[in-house]
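Just below is one structure, and these are the notes that go with it.
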Amino acid sequence: MSKSNRRSTESDTSRPMNVTRKQLDWTETRPSAAVTEYISALTGREQTDFAPLYETVDPEALDSLIDSSNRSTPVSISFEYADHSITVRSDGELVIKAPKSSIGR
């Protein structure tokens, strides 16, 4: 599913963050599914351990807005979900920022 996996650490003196970047093909994976899937993988918790994504963002709207097949300009949507900062881009990039302490719990 993932074309590449890159993990880096971003410095922020108030709140150290782990940043995970995934490059995906939105024709193979819906953005809304990728968000919940990768949050689950990063935290080591089941997807059902978190509030439904629709309580944060409309999954159908997210998928529709990110669908880049008919877009001439890039789209980027950012939101908070399950204590993580999420950015989904129409070019296939999924960026998940999490406090260092939450990874692998």
**Report entry** Of all residues making up the stretch 56-66, the number that are out of contact with any strand residue (DSSP E or B) (no Cβ under 7 Å at 6 or more places or on another chain) and open to solvent by less than 70 Å² (accessible area, probe 1.4 Å)
**Finding:** 3
Report task. Sort out which residues of the stretch 1-41 are at pLDDT below 90, hydroxyl-bearing (Ser, Thr, Tyr) and farther than 13 Å from Glu93 by Cα, and write them in order of number. Result -> Ser8, Thr9, Ser11, Thr13, Ser14
Query - Residue satisfying all of: in the stretch 67-88; farther than 15 Å from Pro31 by Cα and surrounded by 13 or more Cβ atoms within 10 Å (Cβ to Cβ); nearest to the chain's Cα centre (by Cα) among these - result: His84
Requested in this report: Go through the stretch 23-34 and count every residue that is in a strand (DSSP E or B) and open to solvent by less than 30 Å² (accessible area, probe 1.4 Å).
Outcome: 1
Requested in this report: Give the number of residues within the stretch 64-96 that are acidic (Asp, Glu) and within 19 Å of Ser40 (Cα to Cα).
Outcome: 3
Report task. Return the pairs, sorted by first residue and then second, in which the second residue is in a loop (DSSP other than H, G, I, E, B), the first residue lies in the stretch 35-51 and is more than 16 Å from Thr87 (Cβ to Cβ), the beta carbons are less than 6 Å apart, and the residues are 6+ apart or on different chains. Result -> Thr43/Arg105; Gly44/Gly104; Phe50/Ala82
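The values are calculated or read from the model by the stated rules, or taken from the named source; none is laboratory data. Treat the numbers as computed from the prediction; the structure is a model and nothing was measured. No Cβ is skipped: glycine too gets one built from the backbone with ideal geometry, and neighbour counts run over all protein chains shown. For accessibility, only protein heavy atoms count, side chains too; no ligands or nucleic acids. Shrake-Rupley method; radii C 1.70, N 1.55, O 1.52, S 1.80 Å.
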